[in-house]
Amino acid sequence: MTTAPVLFLSDDRTVLGLDWPDGRRGRFHAAWLRDHGQDPATRDPRSGQKLLTATDIDPAIRIRTAVIADGRIDLAFDGGVSTWIDSAWLWEMAPDPLAEDVAPPSGRITWDAGLDAASVSAAYPTLREDPAALAGWLGWIDTLGFARLTDVPAKPGALFEVIALFGFVRETNYGRLFEVRSRVEAENLAYTRLGLDPHTDNPYRDPVPTLQILHCLENTATGGDSSVVDGFRAAEILKSEYPDHFDLLARYPVEFRYRGDGRTDLVAERPMLELAPGGGLQQVRINNRAFHALRSVPFDLVPGFYAAYRHLVEITRRPSVVVSFRLDAGDLFVVDNTRVLHGRTAFDAAGSRWLQGAYADIDGLRSTLRALRAPAAA
Ligand code: NM2
Ligand code: OGA
Ligand code: ZN
């Protein structure tokens, strides 16, 4: 990927510049370079964890020499400290991580109704046998926030076997597993025959469960079709159509709350569009059923806030962004619940519809994915 960069040292020796032959450029402060040293005294080679602590770093440290040899940059600092850093790793670090942009985190690809739901579907038996197929399927969840699975046994609890392929269940007040079927005295509107607008789950939790898995055991009802929407794309559209609306939803938090079962009272006050420090999208929380109170928006901005909220929800219902599909017995899908909304149409009482759901977390999924892709990497 890279060949050796040309190194430059600033006159005061506090900044190292690197110019790679492929055009990439990087600048790194001396203190940053000291902190990111890869020698065994800085970082434990066994665990990869850092041994150096914050107070070991002199913020005014200066670079005495920087030399490239064998793909490594050897660094010596005033005061006698030295370390080294892989030049390929610095190449990866070189793009500015705080670029002022609405763009989602690197590696994520936003999509709209043009996404073919069949193109992100795999068969469960294949994933069990073929690590490359598993990596491909997990890769869809990583980059697109959505993937489907067919041929999962239509038996209760089978979704646990799927989750075990990549991570761990996140248990909540709804249980390790929850039964999504209509019932009397429903403690949540998900447990009725009502349609559900595209939403993210559990916005009243902090942190939210970052993955939702829904597995279909029976679906002979008329209606009850599923849909997903890329919330990052919806937010990008909002920003392009009316930047002030985007800013209102990103700036002011909403109180989300759930206390439907008589023994739970979950509250999180968070913006619907949560941005990373550099301005890129980090997470969306869109769920009208759980939008409990608006108390942090200045009085004069309340009408504008409602206009912005309505605009965003209207975007999430556009046929140009919604991907619809139907779950049959043995089908399953996973969404990145920080990003992708899911919904269903209402269904009738004539047939029967039974899903089992569970939450899990995407950091563990990404860990499994990296390990599958680079099993030998330390
Ligand atoms: N269930 C399915 O976040 C929500 O309240 C949506 C969650 C009840 C676990 C439904
Ligand atoms: C849920 C949900 C969708 C469905 O359980 O959180 O949104 O298809 N269910 O029943
Ligand atoms: Zn839901």
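Some points to look at:
- Residues located in segment 152-186, provided they are within 16 Å of ligand 3 (Cβ to nearest atom) and modelled with pLDDT of 95 or more: LEU159, ARG170, THR172, ASN173, TYR174, GLY175, LEU177, PHE178, GLU179, VAL180, ARG181, SER182
- For ASP348, the requirement of being surrounded by fewer than 18 Cβ atoms within 10 Å (Cβ to Cβ), out of contact with any Leu (no Cβ under 6 Å at 6 or more places or on another chain), under 27 Å from TYR174 (Cβ atoms) and free of Cβ contacts under 8 Å to residues at least 24 places away in the same chain is not met.
- Odd one out for SER367, checked against (1) in contact with an Asp or Glu (Cβ under 9 Å, 6 or more places away or on another chain); (2) under 30 Å from ALA132 (Cβ atoms); (3) among the hydroxyl-bearing types (Ser, Thr, Tyr): (1)
- Of all residue pairs spaced 6 or more apart or on separate chains, those with beta-carbon atoms under 7 Å, a first member in segment 198-214 that is more than 25 Å from ALA158 (Cβ to Cβ) and a second member that is more than 8 Å from ligand 1 (Cβ to nearest atom) and aromatic (Phe, Trp, Tyr) are PRO203/PHE256; TYR204/PHE256.
- Residue under evaluation GLY79, criteria (1) in the same structural domain as ARG13 (by TED's automatic domain parsing); (2) at pLDDT 95 or above, criterion not met: (2)
- The lone criterion from (1) crowded, with 18+ Cβ neighbours inside 10 Å; (2) more than 14 Å from ligand 2 (Cβ to nearest atom); (3) aliphatic (A, V, I, L, M) left unmet by VAL335 is number (2).
- Residue count for segment 182-197, restricted to those that are within 9 Å of ligand 2 (Cβ to nearest atom) and touching a Ser or Thr at 6+ places or on another chain (Cβ under 8 Å): 1.
- Qualifying residue in segment 91-106 (condition: touching a helix residue (DSSP H, G or I) at 6+ places or on another chain (Cβ under 9 Å), free of Cβ contacts under 8 Å to residues at least 40 places away in the same chain and of a type outside the set (Phe, Trp, Tyr)): no
- Scanning segment 1-23 for residues that are in the same structural domain as ILE68 (by TED's automatic domain parsing) and more than 15 Å from ILE73 (Cβ to Cβ) yields SER10, ASP11, ASP12, THR14, PRO21, ASP22, GLY23.
- Which listed residue, of LEU301, LEU341, LEU332, LEU327, is over 27 Å from SER182 (Cα atoms) and in contact (Cβ under 8 Å) with a residue 12 or more places away in the chain: LEU301
- When the residues of segment 298-330 are filtered to those that are of a type in the set (Val, Ile, Thr) and in contact with a Leu (Cβ under 8 Å, 6 or more places away or on another chain), the one that is surrounded by the fewest Cβ atoms within 10 Å (Cβ to Cβ) is VAL302.
- Condition met for THR55 (out of contact with any His (no Cβ under 7 Å at 6 or more places or on another chain), of a type in the set (Ser, Thr, Tyr), over 25 Å from ARG366 (Cβ atoms) and exposed (fewer than 13 other Cβ atoms within 10 Å of the Cβ)): yes
- Residue ID - surrounded by the most Cβ atoms within 10 Å (Cβ to Cβ), chosen from residues in segment 167-182 that are more than 8 Å from ligand 1 (Cβ to nearest atom) and in a strand (DSSP E or B): VAL169
- The criterion of at least 3 residues that are at pLDDT 95 or above and under 30 Å from ASP151 (Cα atoms) is met by the following strands (runs of 3 or more DSSP E) wholly inside segment 207-273: 211-219, 226-230.
- Criterion: farther than 24 Å from ALA154 by Cβ, buried (at least 17 other Cβ atoms within 10 Å of the Cβ) and acidic (Asp, Glu) - qualifying residue of GLU236, GLU185: GLU236
Conditions (1) outside any strand (DSSP E or B); (2) more than 16 Å from ligand 3 (Cβ to nearest atom); (3) in contact with a helix residue (DSSP H, G or I) (Cβ under 8 Å, 6 or more places away or on another chain); (4) of a type outside the set (Val, Ile, Thr), marked per residue:
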position: HIS292; (1), (2), (3), (4): no, yes, no, yes
position: ALA307; (1), (2), (3), (4): yes, yes, yes, yes
position: ASP328; (1), (2), (3), (4): yes, yes, no, yes
position: ALA349; (1), (2), (3), (4): yes, yes, no, yes
position: TRP354; (1), (2), (3), (4): no, no, no, yes
position: TYR359; (1), (2), (3), (4): no, no, no, yes
position: LEU365; (1), (2), (3), (4): yes, yes, yes, yes
position: LEU369; (1), (2), (3), (4): yes, yes, yes, yes
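- Residue within segment 220-240 that is touching a residue at least 12 places away in the same chain (Cβ under 8 Å), within 12 Å of ALA290 (Cβ to Cβ) and out of contact with any Pro (no Cβ under 9 Å at 6 or more places or on another chain) present: no
The values are calculated or read from the model by the stated rules, or taken from the named source; none is laboratory data. Fair warning: this is a prediction, and the values are worked out from it, not measured in the lab. Positions of Cβ are generated from backbone atoms using ideal geometry, with glycine treated the same way; all protein chains shown enter the neighbour counts.
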